[in-house]
Amino acid sequence: MGERTALVTGAAGFLGLNLVEQLLAAGWRVIALHRPSSDVTDLKRFKVEPLVGSITDRDWLFRAVPNDLDAIIHAAADKSLDIRGDAQQTDTNVGGTRNMLEIALARGTRRFVQTSSVAAFGVRHGETISETSATNAATNRINYSRSKWLADEEVRRAAKAGLDTIILHPANILGRYDARNWATMILLVAKGKLPGISPGGGAFCDAREVAKAHIAAIDRGRSGGSYVLGGVHASYVEVAQIIQSIVGGKAPRRPLPAWLMTMMGQIMPLLARVTGGHALITPEVAAMVNLDFRTDSRKATSELGYQEIPLRAMIEDACSWLKAESKLP
């Protein structure tokens with residue numbers, strides 16, 4: 001088989017960089033789509049063909065995206081948990097996905113892999129999420145959840161129109177190239193500045209394994225199907241304690257009560273508006289981190305060769321990268 005070409009959206013982001021790295025290692029030619037405002041410091045280390053623009057600019061996409069791609073991996077997403085960004089988030093997550101699907105159909109792309117999220121299943125407290133789980137995303141208050149579900153609906157419509165699609169639902173991703181997601185907790189623990197932690201928890205998955213599952217889905221995934229990419233379950237207190245054992249600093253030993261997290265989500269945005277700062281906890285953040293869920297990845301394991309990695313190993317990988325990049329003291 002000759003060299004194949006994949007276009008990756010969100011290529012300069014946390015998961016995007018892992019996708020680029022794994023695709024290149026597997027012998028793919030990679031077209032890396034990213035916004036003009038993206039930090040491309042890490043992306044420049046890879047031999048890719050940059051494509052600079054926005055997934056929300058349909059006209060530009062039709063000018064820029066080539067014909068006959070072997071795959072489009074659509075990993076770009078707005079992960080905001082602040083109601084003030086809901087309109088932009090919907091435009092990016094839903095409108096951007098619709099644009100990429102139209103391009104894929106028009107350009108004869110052989111397979112479209114959608115990076116969704118377990119959040120697309122909605123608010124699932126105390127439940128185990130699998131591919132057959134129902135969703136309440138349409139009615140819950142968290143726009144990220146709702147917009148990811150709506151994006152998946154766009155993918156399902158495109159599949160009915162004849163596009164070969166796969167939807168992947170990662171849980172909480174840990175690993176290298178994370179400078180803003182779980183890295184925020186790592187840095188706060190290292191500095192002894194994590195004031196409290198929520199009573200929630202969830203499933204955690206390895207960034208490299210998630211990237212490998214995307215590549216496996218191109219060849220081995222069932223057309224029109226979906227896969228949950230979950231992993232080991234842990235409370236957020238457990239995660240913080242493991243971080244402390246690796247990097248030092250200080251982590252809470254007990255969670256804050258859910259009601260207090262909810263109250264902080266109401267108060268912090270008000271204070272941020274007065275001070276001009278950023279609210280670490282919003283109502284949407286509080287609603288998400290108070291949840292506790294598990295995942296069932298057996299389908300992905302069986303059909304894609306997906307592997308769940310021990311929690312400590314994933315956190316060590318994330319911390320090692322932060323230290324190597326001088327982002328962690």
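Could you please give the count of residues in the range 155-186 that are part of a helix (DSSP H, G or I), of a type outside the set (K, R) and either crowded, with 21+ Cβ neighbours inside 10 Å or touching a strand residue (DSSP E or B) at 6+ places or on another chain (Cβ under 9 Å) (or both)? Let's see the steps before the verdict.
Applying the first criterion (part of a helix (DSSP H, G or I)) to the range 155-186 yields 155-160, 182-186.
Right, trim to of a type outside the set (K, R) and you get 155, 158-159, 182-186.
Checking the rest, the ones that are also either crowded, with 21+ Cβ neighbours inside 10 Å or touching a strand residue (DSSP E or B) at 6+ places or on another chain (Cβ under 9 Å) (or both) come to 155, 158-159, 182, 186.
The number of residues fulfilling the criteria is 5.
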Contact list please: Cβ distance under 7 Å, first residue in the range 309-320 and over 13 Å from G231 (Cβ atoms), second residue outside any helix (DSSP H, G or I) and at pLDDT below 95, pairs at least six apart or on different chains.
C319/L328
Kindly establish whether V30 is touching a Leu at 6+ places or on another chain (Cβ under 9 Å), β-branched (V, I, T), crowded, with 20+ Cβ neighbours inside 10 Å and in a strand (DSSP E or B).
yes
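Would you point out the residue of the range 281-329, among those that are part of a loop (DSSP other than H, G, I, E, B) and acidic (D, E), that is nearest to H125 (Cα to Cα)?
Residues of the range 281-329 that are part of a loop (DSSP other than H, G, I, E, B), as a first pass: 281-282, 290-291, 293, 296-297, 305-310, 325-329.
Restricting the remaining residues to those that are acidic (D, E) gives 296, 308, 325.
Values: D296: 15, E308: 22, E325: 36 Å.
Looking at residues that are part of a loop (DSSP other than H, G, I, E, B) and acidic (D, E), I get D296.
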In the set S198, S235, which member is more than 30 Å from G108 (Cα to Cα) and surrounded by fewer than 20 Cβ atoms within 10 Å (Cβ to Cβ)?
S235
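Considering G162, G96, which residue is over 17 Å from L15 (Cα atoms) and either within 18 Å of the chain's Cα centre (by Cα) or among the acidic types (D, E) (or both)? Can you show your working first?
Details: G162 fails: either within 18 Å of the chain's Cα centre (by Cα) or among the acidic types (D, E) (or both).
The match here is G96.
Does P50 qualify as being in a strand (DSSP E or B) and of a type outside the set (A, V, I, L, M)? Show your work before the answer.
On the way: in a strand (DSSP E or B): yes; of a type outside the set (A, V, I, L, M): yes.
Yes, satisfied.
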From the set of residues in the range 1-53 that are free of Cβ contacts under 8 Å to residues at least 12 places away in the same chain and of a type in the set (A, V, I, L, M), which is farthest from P66 (Cα to Cα)?
A25
If the requirement is being crowded, with 19+ Cβ neighbours inside 10 Å and not charged (D, E, K, R), which of these qualifies: A211, A272?
A211
Confirm whether A203 is crowded, with 21+ Cβ neighbours inside 10 Å, modelled with pLDDT of 95 or more and outside any strand (DSSP E or B).
no
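The values are calculated or read from the model by the stated rules, or taken from the named source; none is laboratory data. Quantities reported herein were computed from a predicted structural model and do not represent experimental measurements. As a convention, Cβ positions derive from the backbone with ideal geometry for all residues, glycine included, and neighbour counts pool all protein chains shown.
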